[in-house]
Ligand SMILES: Nc1nc2c(ncn2[C@@H]2O[C@H](COP(=O)(O)OP(=O)(O)OP(=O)(O)O)[C@@H](O)[C@H]2O)c(=O)[nH]1
Ligand SMILES: [Mg+2]
């Protein structure tokens, strides 16, 4: 039977870096309309077949509306259960805020172990003289946090397909890691039970020799 795995994806980054524009680009492939939460969060679902695991993945993509700035109050319930985090910036200053604030903010408040990150340098059409530095620093930080790094532009349509592609790759990676952890746990329990059985047998045999 097919199982449905739900993967939550949130878009974080400074005000105005292009989060909603990216959300709308990904939305073009969505299986549902946008659902607006009373608490100012927009979301939609993309369904993806994961044949290897006989599973359908429901990617629940979320965008926070009316965000003021980093200090603005983002309710922590939005941050708790995300398996994948898109960290969006658009220049060196907003990249620094990803490193100093957004990444830590997510790390400190999430309940998900091993959440996956995709670092997105948007507005590549406006990088100008900062381009080389953005690419250098983006690659370095992505390596530090085990993330994919892409630059893109919603305006010039540069590299946009790769955003969805990476989200799907990371969703599969998350599911594989979770399955591996579950199997290891199961194997450990079985091994423990086997050892216990063996000890019991040894005990019975010993008793037998004494009688
Ligand atoms: N030049 C350029 N402008 C862009 C790009 N992406 C978004 N913009 C513009 O940047 C502005 C802000 O984009 P949004 O998508 O609203 O940014 P946001 O991060 O959702 O902003 P908040 O929700 O206010 O935090 C808009 O005027 C967009 O048209 C891009 O790739 N290049
Ligand atoms: Mg927005």
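The values are calculated or read from the model by the stated rules, or taken from the named source; none is laboratory data. Fair warning: this is a prediction, and the values are worked out from it, not measured in the lab. Ideal geometry is used to build each Cβ from the backbone, glycine not excepted, and the neighbour counts take in all protein chains shown.
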| task | Please list, ordered by first then second residue, the pairs with beta carbon atoms under 7 Å, 6 or more apart or interchain, first in segment 6-21 and farther than 18 Å from residue 43 by Cβ, second within 9 Å of ligand 2 (Cβ to nearest atom) and outside any loop (DSSP other than H, G, I, E, B). | result | none
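Within segment 7-15, is even one residue modelled with pLDDT of 80 or more, at positive phi and within 12 Å of ligand 1 (Cβ to nearest atom)?
Scanning segment 7-15 turns up at least one residue that is modelled with pLDDT of 80 or more, at positive phi and within 12 Å of ligand 1 (Cβ to nearest atom).
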| Here is a list of conditions, (1) modelled with pLDDT under 90; (2) within 30 Å of residue 158 (Cβ to Cβ); (3) within 15 Å of ligand 2 (Cβ to nearest atom), and residue 37 meets all of them except one; can you say which number that is? | (2)
| Can we say residue 118 is under 30 Å from residue 3 (Cα atoms) and within 16 Å of ligand 1 (Cβ to nearest atom)? | yes
| remark: Within segment 121-160, of all residues that are within 14 Å of ligand 1 (Cβ to nearest atom) and at positive phi, the one surrounded by the most Cβ atoms within 10 Å (Cβ to Cβ) is 123
| Among the residues of segment 177-203 satisfying the criterion of being free of Cβ contacts under 8 Å to residues at least 12 places away in the same chain and surrounded by 12 or more Cβ atoms within 10 Å (Cβ to Cβ), which is nearest to residue 51 (Cα to Cα)? | 178
| request: For segment 76-94, enumerate the residues that are more than 14 Å from ligand 2 (Cβ to nearest atom), assigned to a loop (DSSP other than H, G, I, E, B) and crowded, with 20+ Cβ neighbours inside 10 Å. | output: 79, 82, 83
| query | Tell me, which residue of segment 31-46 that is crowded, with 17+ Cβ neighbours inside 10 Å and in contact (Cβ under 8 Å) with a residue 24 or more places away in the chain is farthest from ligand 1 (Cβ to nearest atom)? | reply | 46
